[in-house]
Amino acid sequence: MPGVYQISLDLLQAEMQEVVDLGIRSVIVFGLPAEKDEVGSSAYCDHGIVQRAIQQIKGEFPDLVVVADTCLCQFTSHGHCGVIEDGIILNDESLAVLAKTAVSQAKAGADIIAPSNMMDGFVTAIRHALDENGFGHVPVMSYAVKYSSAFYGPFRDAAHGAPQFGDRKTYQMDPANRMEAFREAESDVMEGADFLIVKPALSYLDIVRDVKNNFNLPVVAYNVSGEYSMIKAAAQNGWVNEKEVVLEKLISMKRAGADLIITYHAKDAARWLQEGGAK
């Protein structure tokens, strides 16, 4: 993806300094391990890449809010978001690994845990594990409404996280189903979620508004890689004005009800806003 890079630990300080100088107050951390295995054990290693990155960021920029993406797909050799046996994802076994991962990220200093795996009961499992290990103050930003979307393609390629077989439709949502979004969000609220993410954002602004109207929690719109890449490609070909299109897109997410936005455009948008690009 143009303008998006895998940042090694030796370059992390400079990257975060740029982020802070642009007025961005929060980052979300994803990791690419040197080695993968069937159960994604490097995801919960105290010396794993995500844990080390969190420690470094919080040590050098203590006021920056660090969100830890909590999933296994980048850490498993098969690319699925949980433990697999005979081609079938094992929900409860996956929850145990995800809970260990969340605790290790909290120990490293993560301010917010963001589980993106969509296993049944994942908020309860993670909330319980955090509470049991002395991290009751660490909130859970749930990927409450996560559709099985073609718009994830560029990220999966960049993060080497595409499934090696099958797909994720058994544990992500059908794009045609609107009512399931309400049920999933309601379930996560009851399980103890502190934020509710809708992903993707742009093609699901109706869902962002539904969630905002029905639940008294901050709603997060996730502006995903495919949405980002389409604008980048069009801008590079001279077909659209990148600045105007990006800011209009982000405004539409706010208008739909998003309290927060996760976006690959963050640095560009922050730079444009500093230059007076917002109306």
What FRET efficiency comes out for the pair Asp120/Arg209, r = Cβ-Cβ distance, R0 = 25 Å, nearest 0.05? 0.45
Rounded to two decimals, what is the ratio between the C-alpha radius of gyration of the chain and 2.2 N^0.38 Å? 0.96
Between Arg25 and Glu242, take the C-beta separation as r, use R0 = 30 Å, and let me know the FRET efficiency to the nearest 0.05. 0.80
Per the Kirkwood treatment, what hydrodynamic radius in Å, one decimal, follows for the range 36-154 from the mean inverse distance over all distinct Cα pairs? 14.5 Å
List the residues whose amide H sits under 5 Å from the amide H of Thr70, counting only those 5 or more places along or on another chain, with H placed 1.01 Å from N in the peptide plane. Ala114, Ser116
Top positive-direction residue, dipole computed over the chain with Cβ charges, set Ala68, Gly23, Ala114: Gly23
Helices from the chain with mean Kyte-Doolittle at least -0.5 and a Cα length along the axis of 24 Å or more, per DSSP H: which? 91-108
Taking N as the residue count of the range 5-83, its alpha carbon Rg divided by 2.2 N^0.38 Å gives 1.15
Interchain or long-range residues, amide H under 5 Å from Ala144's placed H: Ile197
What's the longest piece of the chain with no exposed chymotrypsin sites (Phe, Trp or Tyr not before Pro), counting a site as exposed if DSSP puts it in a loop and it has at most 12 other beta carbons within 10 Å? 6-164
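Compute the relative contact order of the range 9-273 as a whole-number percentage, counting only Cα pairs closer than 8 Å that sit 6 or more residues apart in sequence.
It comes to 15 percent, rounded to a whole number.
Count neighbours as other Cβ atoms within 10 Å of each site's Cβ, and list the trypsin sites (Lys or Arg not before Pro) in the range 223-268 that are DSSP loop with at most 16 such neighbours.
none
Computed from the coordinates by the stated procedures, all read-outs in this text should not be read as laboratory data. Nothing here was measured: the structure is a model prediction, and the numbers come from that model. We place every Cβ from the backbone using ideal geometry, glycine too, and count neighbours over all the protein chains shown.
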